[in-house]
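Everything below concerns the one structure shown next.
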Amino acid sequence: MYKIDIDKVKIFEVCPRDGLQNIKEFIKTDQKIRLVNMLTDAGCEAIEVTSFVHPKWVPQLADAAEVLSSITMNPNIVYNALIPNIKGLERAIASGLKEVVTIMSASEAHNKKNLNMSIADSLAQMKEINDVARVHGIRVRSYIATSFGCPMQGKIAPEYVAEIAAELERIGSYEISLGDTTGMSEPVLSYKVVKAVKRTLSKSRLAVHFHRSGGIEFANILASLQAGVDVIDSAVGGLGGCPYAPGAKGNIATEVLVEMLDRMGIETGIDLAKIQKAAEYAKSLDPYASCVEGGSDE
Ligand code: MG
């Protein structure tokens, strides 16, 4: 009989950070706060609220500290922020966060372009971040971008992604999220990469972060569930496309993911009607939502 051995999935909601960061027109701080509060009210288990990247690089999230100090926090929900370096970690500590997110890439070329350093240097920096975070009782979640292929470098061996994941586990990242940064994956590859990484991890939790690619993204989700993943990243409204970077597509839409998992009998703890409302609100904040939604993003 066909079945999936998972009855509960943690959805890691990324809209307030990953979904909004590329929107050029500044979204008012109180609108961001309202969005996060709606996500809290909908029952999201974990929310990536903002980023402590220097405002010069991501001006949209320059109000990170203000957003974090103004949202209504539910003690049962994990709120976190992306940090690029130790300085970002210090700002996160000052904001009272209990969890931060770090990022690197499985592609040497992409890591160099995105972070301006080698993979080895990224890992060294992430170790330093994890060491400081541990002292402050802060959990670290780490993204591995381009885990399913890189537009510059091409194919990435699943075993290599697994090696990086093992190193991230060794330095203390409690959760590792495999990013399909430009939507290059397909279900067979998704299954292989997730299996390869799962085999090497003994204690860190594994997540997947797919982007919209005309529907293939949900086949990737299904393949990942079959391979044993029980943490999925998504953004309400499917936000996250970048009109200035061809190839950078929107995230998986949380409201569709929740509906799919609901129908499959897999629990998420999220209220479907409320998350649909939050998605409508998120889309109203994105002037590009109409051109990146519903499969018109090809
Ligand atoms: Mg994304």
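The values are calculated or read from the model by the stated rules, or taken from the named source; none is laboratory data. Keep in mind that this is a model prediction, so the values were computed, not measured. Cβ atoms come from the backbone with ideal geometry, glycine included; neighbour counts cover every protein chain shown. Only protein heavy atoms, including side chains, enter the accessible area calculation; ligands, DNA and RNA are left aside. Shrake-Rupley method; radii C 1.70, N 1.55, O 1.52, S 1.80 Å.
To keep it simple, each residue is scored yes or no on (1) open to solvent by 40 Å² or more (accessible area, probe 1.4 Å); (2) among the β-branched types (V, I, T).
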residue: Y2; (1), (2): yes, no
residue: K8; (1), (2): yes, no
residue: R17; (1), (2): no, no
residue: N22; (1), (2): yes, no
residue: F26; (1), (2): yes, no
residue: T29; (1), (2): no, yes
residue: L35; (1), (2): no, no
residue: I47; (1), (2): no, yes
residue: F52; (1), (2): no, no
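Of all residues in the range 142-201, those satisfying the criterion of being within 14 Å of the chain's Cα centre (by Cα), aliphatic (A, V, I, L, M) and closer than 17 Å to A109 by Cβ are I144, A145.
A quick yes/no check of all residues on (1) modelled with pLDDT of 95 or more; (2) under 21 Å from S204 (Cβ atoms):
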{"site": "N80", "(1), (2)": "yes, yes"}
{"site": "A92", "(1), (2)": "yes, yes"}
{"site": "S95", "(1), (2)": "yes, no"}
{"site": "E99", "(1), (2)": "yes, yes"}
{"site": "K113", "(1), (2)": "no, no"}
{"site": "S118", "(1), (2)": "yes, no"}
{"site": "D131", "(1), (2)": "yes, yes"}
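Please identify the pairs in which a residue from the range 126-153 that is over 19 Å from E13 (Cα atoms) has its Cβ atom under 8 Å from the Cβ atom of a residue that is open to solvent by 60 Å² or more (accessible area, probe 1.4 Å) and of a type in the set (D, E), counting only partners at least 6 apart or on another chain. Cβ pairs passing all conditions: Q153/E108. Looking at this structure, is V208 away from the ligand (no atom under 16 Å from the Cβ), touching a strand residue (DSSP E or B) at 6+ places or on another chain (Cβ under 9 Å) and not hydroxyl-bearing (S, T, Y)? Taking the combined requirement at face value, the residue does not satisfy it. The condition of being buried (at least 16 other Cβ atoms within 10 Å of the Cβ) and within 16 Å of the ligand (Cβ to nearest atom) holds for only one of V78, V58, that being V58. Quick one: would you say K203 is more than 12 Å from the ligand (Cβ to nearest atom), farther than 30 Å from P287 by Cα, open to solvent by 40 Å² or more (accessible area, probe 1.4 Å) and assigned to a loop (DSSP other than H, G, I, E, B)? When the stated conditions are applied, K203 passes them.
Considering the range 226-259, the residues that are farther than 21 Å from I47 by Cα and modelled with pLDDT of 95 or more include one that is most open to solvent (accessible area, probe 1.4 Å), namely Q226. All of (1) in contact with a helix residue (DSSP H, G or I) (Cβ under 7 Å, 6 or more places away or on another chain); (2) open to solvent by less than 20 Å² (accessible area, probe 1.4 Å); (3) more than 16 Å from the ligand (Cβ to nearest atom); (4) of a type in the set (G, A, S) hold for G88 with one exception: (1).
Per-residue answers, yes or no, for (1) over 21 Å from V256 (Cα atoms); (2) within 16 Å of the ligand (Cβ to nearest atom):
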position: I4; (1), (2): no, no
position: D7; (1), (2): no, no
position: V14; (1), (2): no, yes
position: R17; (1), (2): no, yes
position: E25; (1), (2): yes, no
position: K28; (1), (2): yes, no
position: Q31; (1), (2): yes, no
position: V36; (1), (2): no, no
position: D41; (1), (2): no, no
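Condition check: aliphatic (A, V, I, L, M), open to solvent by less than 50 Å² (accessible area, probe 1.4 Å) and modelled with pLDDT of 95 or more. Does V135 satisfy that? When the stated conditions are applied, V135 does not pass them. Residues of the range 95-114 that are touching a helix residue (DSSP H, G or I) at 6+ places or on another chain (Cβ under 6 Å), open to solvent by less than 50 Å² (accessible area, probe 1.4 Å) and under 15 Å from I144 (Cα atoms): V100, T102, M104, S105, A106, N111. A124 falls short on exactly one of the conditions (1) at pLDDT 95 or above; (2) more than 19 Å from E169 (Cα to Cα), and that condition is (2).
Looking only at the range 1-41, count how many residues are more than 18 Å from the chain's Cα centre (by Cα), assigned to a helix (DSSP H, G or I) and touching a residue at least 60 places away in the same chain (Cβ under 8 Å). Qualifying residue count, the range 1-41: 4.
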